[in-house]
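The values are calculated or read from the model by the stated rules, or taken from the named source; none is laboratory data. What you are looking at is a predicted structure, and each value in this text was computed from that prediction instead of being measured. Please note: Cβ atoms are built from the backbone with ideal geometry, for glycine as well, and neighbour counts cover all protein chains shown.
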C-alpha cells in the first residue's frame, strides 16, 4: 500500500449492499484498498484481531447484518446477536483501541416515511429485522 492509498475496513462486503458499492467504487477510486472482515462479527476476539491488523485504516464501513427478513423471523435470537451485538463488538473494539473517534453513522434502510429520518425521529419498526436495526 503506497502512502496515497486510503485503507478502508469493511464488514459485510459480500452482502448485496456491499457488492453493489464495491462494484462501482473500485472502478472510480484507484487509491483505495478495502480490507474485508472474514470472521464472526459476533466474536469480539475476531473483530479485535481484524481491526488491529488493518494497517492505518482511514475509515470503516459496517454492512454486516442478518438478512433477509424471512431468515430474521425464523431465528430472531441469531439476528439480535449478528445485527446488534456485532455492531456493539465493532464499536467497543474501536473505543478501546483507537484514538480517532467515530464521527458519523449513516443509516441505510427502507422506510415508508417520505421525509428525512434523523436521530430524533420516532422509531416504529414493523418487523423483527427492523427491531434489530433500529
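Some notes on this structure:
- Of the residues in the stretch 27-46, at least one is surrounded by fewer than 17 Cβ atoms within 10 Å (Cβ to Cβ), at pLDDT below 85 and in a helix (DSSP H, G or I).
- Scan of the stretch 67-91 for residues that are in a helix (DSSP H, G or I) and free of Cβ contacts under 8 Å to residues at least 24 places away in the same chain, ordered by number: 70, 71, 74, 77, 78, 88, 91
- Selection of the stretch 49-90 for residues being loosely packed, with under 14 Cβ neighbours inside 10 Å and closer than 18 Å to residue 35 by Cα yields 49, 52, 53, 55, 56, 58, 59.
- Looking only at the stretch 53-66, residues that are more than 18 Å from residue 9 (Cα to Cα) and without any contact (Cβ under 8 Å) to a residue 60 or more places away in the chain come to 0 in all.
- The lone exception for residue 64 - which of (1) outside any loop (DSSP other than H, G, I, E, B); (2) modelled with pLDDT under 90; (3) under 12 Å from residue 133 (Cβ atoms) it fails: (1)
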